[in-house]
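Please read the structure below before turning to the comments.
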Amino acid sequence: MTTSAPARHAAPTGFGEDADLALLTGAESVEIVRAALVGEGEAPQDLRVAVAAVHHRPGAGVSVCYDVTHAAAPEGEVLVASTAPVARSDRTAAVAVLDDGVRTLRVWRRADDPALPGLRAALDPRVVAGWLGRAELPALRVLSYRPTRRAVVVAELADATCYLKIVRPRRAAELIARHEALRGSMLPAPAMLGEPEPGVVLLAAAPGRSLAQALATGDAAQVPAPEQVLAALDSLPAPVLELPLRPSWVDRLDFHAAAARSALPARADEIDDVASRVADVLAAVPVAAVVPTHGDLNVANLFVEDARPAAVIDVDALGPGRRADDLATLLAHLLVLPALAPHIYTEVPAVVHRWYAAFAASVDRTELDARTAAVLVSLVAGASPEQANARLDLALAALERADAGERS
């Protein structure tokens, strides 16, 4: 991929990240990709570009992933265009730099993420087979990818499945320490299998299945009782308190509200109102104790087995925090499931009813509602317009409950 190529697109009216978002997700995206690829030879023929994912981090830039096909890549590939600033540790040899005099864009193939140097190797079946000590080539699939931040790749063999988590190399030791902190606990993280390359952490599969998968069965008997979830969280070991503090969803509500305003500009005033009311509610409730927390306890990260909590994954935010934040995160992610697939998550409303009652009895109910609203705001950006509006409505409803709790 070329570097330092002039961008061949017209800048949209206006400046700032909203304009960047409009450019990278609009019709000009095809020309952005074409300009990035042209350094490899002639402009690709039959170029087709579709937005696959949008990552907006207010103050830190906009990154958009594209599904791209053309004559030279008929099977398709993923390219990323980003306005995020360059870090000193970024490797830019495979990054195209496009500059139109208004903004600078960086474009790369997903495997060549400049901040995740281990990603290309983690996507090579031969390399991964060597890491695993196996002759069989694994089937590799990208489970998640956040440009310049992290990726998760699943490696499937005939008799085993493992996961590769790719982070910035300087973050790997911190991630490993978080996994080790939960070793042998009632709620462990997946077992560490090694760090075969800087920034690539090899993990065993977690026992059981995610709570989201258990809920999708429609069988209430597969879902833990809320009291079991509370007991599992209470069992998080004390050494978790010694890990670095990571900001909670509430601590970063201004950041998430800004992203939500970009996603739903017509409802910007309502989003501002939610952020203001959350702050007011939390200022009026007693300050809760700091306890060991997961930090991002959602329905994909809590694993269950035999209808009991069995493990947690994605422990990047494990550390000291407020119990209400973990509970609010679970509730918020439960609340959005029915709108995503009402024919699948038929049992979720009943689960929400039971879990909310138990959680609200274990922490301050008003605080729980306000923190749930904050998490719901964080889920607005990146969702479809229909889902984004539904999530903001849920946040407003959570705040209505908080207001009612204050009045009572």
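The values are calculated or read from the model by the stated rules, or taken from the named source; none is laboratory data. Predicted model, so just to flag it, every value in this text is computed and none were measured. Quick reminder, even Gly has a Cβ in these numbers, built from the backbone with ideal geometry, and neighbours come from all protein chains shown.
Things to note:
- Scope the stretch 201-228; condition assigned to a helix (DSSP H, G or I) and either closer than 15 Å to residue 300 by Cβ or touching a Leu at 6+ places or on another chain (Cβ under 7 Å) (or both); matching residues: 211, 212, 213, 214, 215, 216
- Per the conditions (1) touching an Asp or Glu at 6+ places or on another chain (Cβ under 8 Å); (2) assigned to a strand (DSSP E or B), the sole criterion not satisfied by residue 121 is (2).
- Subset tally (residues that are surrounded by 17 or more Cβ atoms within 10 Å (Cβ to Cβ) and in a helix (DSSP H, G or I)) for the stretch 374-388: 6
- Looking only at the stretch 241-257, residues that are buried (at least 19 other Cβ atoms within 10 Å of the Cβ), in a loop (DSSP other than H, G, I, E, B) and of a type outside the set (A, V, I, L, M) come to 2 in all.
- Which numbered condition residue 230 fails, given (1) hydrophobic (A, V, I, L, M, F, W, C); (2) modelled with pLDDT of 95 or more; (3) in contact with an Asp or Glu (Cβ under 8 Å, 6 or more places away or on another chain): (3)
- Residues within the stretch 206-231 that are within 21 Å of the chain's Cα centre (by Cα) and either touching a residue at least 60 places away in the same chain (Cβ under 8 Å) or buried (at least 21 other Cβ atoms within 10 Å of the Cβ) (or both), tallied: 8
- Residue-level analysis places residue 203 among those that are surrounded by 19 or more Cβ atoms within 10 Å (Cβ to Cβ) and touching a Phe, Trp or Tyr at 6+ places or on another chain (Cβ under 7 Å).
- Each residue in the stretch 146-162 was checked for being buried (at least 20 other Cβ atoms within 10 Å of the Cβ) and of a type in the set (S, T, N, Q), and 1 pass.
Here's the yes/no breakdown for (1) out of contact with any helix residue (DSSP H, G or I) (no Cβ under 9 Å at 6 or more places or on another chain); (2) surrounded by fewer than 22 Cβ atoms within 10 Å (Cβ to Cβ); (3) under 27 Å from residue 402 (Cβ atoms); (4) not aromatic (Phe, Trp, Tyr):
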{"residue": "233", "(1), (2), (3), (4)": "no, no, yes, yes"}
{"residue": "238", "(1), (2), (3), (4)": "yes, yes, no, yes"}
{"residue": "272", "(1), (2), (3), (4)": "no, yes, yes, yes"}
{"residue": "280", "(1), (2), (3), (4)": "no, yes, yes, yes"}
{"residue": "286", "(1), (2), (3), (4)": "no, yes, yes, yes"}
{"residue": "303", "(1), (2), (3), (4)": "no, no, no, no"}
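- The residues on offer are 178, 168, and the sole one that is under 21 Å from residue 237 (Cα atoms), surrounded by 15 or more Cβ atoms within 10 Å (Cβ to Cβ) and in contact (Cβ under 8 Å) with a residue 12 or more places away in the chain is 178.
- Scope the stretch 32-48; condition under 28 Å from the mean Cα position of the chain (by Cα) and under 18 Å from residue 95 (Cβ atoms); matching residues: 32, 33, 36
- Residue count for the stretch 26-83 under the criterion of being out of contact with any Phe, Trp or Tyr (no Cβ under 7 Å at 6 or more places or on another chain), surrounded by fewer than 16 Cβ atoms within 10 Å (Cβ to Cβ) and of a type in the set (Val, Ile, Thr): the result is 0.
- Among the candidates 267, 252, 277, residue that is of a type in the set (Lys, Arg) and over 20 Å from residue 383 (Cα atoms): 277
- For the residues 36, 81, 87, 50, the requirement of being under 28 Å from residue 384 (Cα atoms), modelled with pLDDT of 85 or more and not in a strand (DSSP E or B) singles out 36.
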